[in-house]
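The values are calculated or read from the model by the stated rules, or taken from the named source; none is laboratory data. Here the structure is a predicted model, which means the values were calculated and not measured. Glycine also receives a Cβ, built like all others from the backbone with ideal geometry; neighbour counts cover every protein chain displayed.
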Amino acid sequence: MRLQVEIDAHSGFCGGVIRAITRAEDFLSAHPDRRLYSVGAIVHNEAELERLSSRGLRTVSCADLSDIPGCREDVTLLIRAHGEPPSTYRRAREAGFEVVDCTCPVVLRLQERIRQAYARLQGSGGQIVLFGKVGHAEVLGLVGQVDGDVLVVENVRMLEEALGRGAVSADGPLEIFSQTTKSPGEYEEICRILRAYNPSLTVHHTICSQVASRHAQLSDFAASHDVVVFVSGQESSNGKVLFDLCRAHNPRTSRCGSPDEIRPEWFRDGDRVGVCGATSTPKWLLEAVAQKILQIN
Ligand code: SF4
């Protein structure tokens with residue numbers, strides 16, 4: 001089969017993930033005598049996690065901090081780009097761990113803005129809505145800034161259901177924020193519905209600019225190829241959003257997590273194949289997938 005393969009130049013890790021992984025690798029090189037535990041997966045990509053694990057990075061959940069074996073003094077905790085709620089820092093401190101904080105600066109600013117909005121709304125009966133994936137690490141970190149006093153809606157259906165049961169104030173002060181990796185188009189729709197319900201709504205534009213620009217670029221990339229292979233981990237929230245976006249612009253879009261998952265039946269002779277991925281997909285994995293596609297005959 002003759003196939004042309006192009007890797008999307010804009011795909012690959014976002015700045016926040018590159019920063020966290022670089023700091024983890026630098027730490028491991030500089031401190032071979034210490035153990036480095038990431039609180040939660042440093043990136044939602046199984047292949048990259050395996051690579052980092054072979055370099056010595058371990059993963060632990062916040063709930064399991066007290067189960068880390070051996071001496072506290074030998075262990076450093078890494079807070080990943082998604083950020084954590086204040087309770088995680090408290091627990092780490094109480095347990096005596098040193099912490100390397102790799103929270104993305106964009107997420108740190110968002111945490112700060114939510115705290116400020118909450119302080120502003122106290123006493124006026126105001127409310128905060130967060131557009132984000134329920135249970136996602138970044139969302140848990142954001143919700144933790146205001147002791148959980150925020151309504152999280154994941155999509156239009158959830159918002160309409162919340163409006164239907166009167167969970168949102170129709171006339172009091174109301175402010176909305178978005179998780180950094182959500183879809184800009186969906187956020188616009190959520191804000192439109194909410195503003196129709198409560199005209200005093202204040203919208204905070206908190207989708208990461210790297211994610212927002214990737215939406216526009218990826219739409220063009222998907223539409224300009226015969227077939228698209230989208231590479232991302234199963235757990236990646238941004239991967240799910242961007243895969244759906246590619247599929248909307250090119251119905252011949254398939255997802256894979258590694259070169260082994262590529263299926264020859266996705267391709268036809270002469271296809272121009274576009275390979276792209278999420279903000280959590282490493283470049284080396286996109287290249288490995290492209291190489292595998294070129295070997296199909
Ligand atoms: S998507 Fe943006 S905000 Fe989120 S970690 Fe990456 S750079 Fe930071």
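Within segment 32-85, being hydroxyl-bearing (Ser, Thr, Tyr) and either modelled with pLDDT of 90 or more or in contact with an Asp or Glu (Cβ under 8 Å, 6 or more places away or on another chain) (or both) holds for TYR37, SER38, SER53, SER54, THR59, SER61, THR76.
If you scan segment 62-91, which residues turn out to be of a type in the set (Gly, Ala, Ser) and either touching a Leu at 6+ places or on another chain (Cβ under 8 Å) or closer than 21 Å to GLN111 by Cα (or both)? Spell out the reasoning first.
The initial filter retains those residues of segment 62-91 that are of a type in the set (Gly, Ala, Ser), namely 63, 66, 70, 81, 83, 87.
Selection gives ALA81, GLY83, SER87.
In segment 90-112 there is no residue that is closer than 21 Å to SER280 by Cβ, acidic (Asp, Glu), crowded, with 19+ Cβ neighbours inside 10 Å and within 16 Å of the ligand (Cβ to nearest atom).
In the set (1) without any contact (Cβ under 8 Å) to a residue 12 or more places away in the chain; (2) not assigned by TED's automatic domain parsing to the domain that holds GLY132, ARG192 fails one condition alone, (2). Only one of the numbered conditions (1) buried (at least 21 other Cβ atoms within 10 Å of the Cβ); (2) free of Cβ contacts under 8 Å to residues at least 24 places away in the same chain; (3) of a type in the set (A, V, I, L, M) is violated by LEU140, and that is (2). Taking segment 173-183 as the range and being within 16 Å of the ligand (Cβ to nearest atom) and either under 16 Å from PHE243 (Cβ atoms) or of a type in the set (A, V, I, L, M) (or both) as the test, the residues that pass are THR181, LYS182, SER183.
Specify the residue that is surrounded by the fewest Cβ atoms within 10 Å (Cβ to Cβ); the eligible residues are those in segment 9-48 that are more than 16 Å from the ligand (Cβ to nearest atom) and within 17 Å of THR279 (Cβ to Cβ). Result: ALA9. With a requirement of 3 or more residues that are touching a residue at least 40 places away in the same chain (Cβ under 8 Å) and hydrophobic (A, V, I, L, M, F, W, C), the strands (runs of 3 or more DSSP E) lying completely within segment 1-120 that satisfy it span 75-79. The single condition among (1) within 16 Å of the ligand (Cβ to nearest atom); (2) touching a Phe, Trp or Tyr at 6+ places or on another chain (Cβ under 9 Å); (3) of a type in the set (S, T, N, Q) that ASN155 does not satisfy is (1).
Please determine, by comparing only the residues of segment 173-196 that are of a type in the set (S, T, N, Q) and in a loop (DSSP other than H, G, I, E, B), which one is surrounded by the fewest Cβ atoms within 10 Å (Cβ to Cβ). Lay out the reasoning, then the answer.
Going through segment 173-196, the residues of a type in the set (S, T, N, Q) turn out to be 178-181, 183.
Still in the list and also in a loop (DSSP other than H, G, I, E, B): 179-181, 183.
Numbers: GLN179: 26, THR180: 27, THR181: 29, SER183: 22.
It comes out as SER183.
When LEU163, LEU140 are checked against the criterion of being under 21 Å from the mean Cα position of the chain (by Cα), in a helix (DSSP H, G or I) and at pLDDT 95 or above, LEU140 stands alone in meeting it. The residue that is farthest from the ligand (Cβ to nearest atom), among those in segment 49-75 that are of a type in the set (Val, Ile, Thr) and under 20 Å from ALA137 (Cα atoms), is VAL60.
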